[in-house]
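Nothing in this text is a laboratory measurement; each read-out follows from the coordinates by a stated rule. What you are looking at is a predicted structure, and each value in this text was computed from that prediction instead of being measured. Virtual Cβ from ideal backbone geometry, glycine too; neighbours counted across all protein chains shown.
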Amino acid sequence: MEAYEITHIEGSTHWMPGANDAGRTAWVSHEPDAVLDPVKDFLAQVLRERRNA
């Protein structure tokens, strides 16, 4: 089974809006380290903005 074949039924435990969408982020669950730096940068920016608000 390929990752793109996995879907969630609406209302099931793991379902959320967008859970069955495919796209450039579909690989993230298989390579989480690849997104750590951008995520850290994003969260740092959000925290800076909130502190300065």
Three-way shape label, the range 3-51, alpha-carbon gyration tensor, a/c 1.5: oblate
- prompt: In nanometres, what is the gap between the two model label sites at Leu47 and Glu5, each 7 Å from Cα along Cα-to-Cβ?
  reply: 4.2 nm
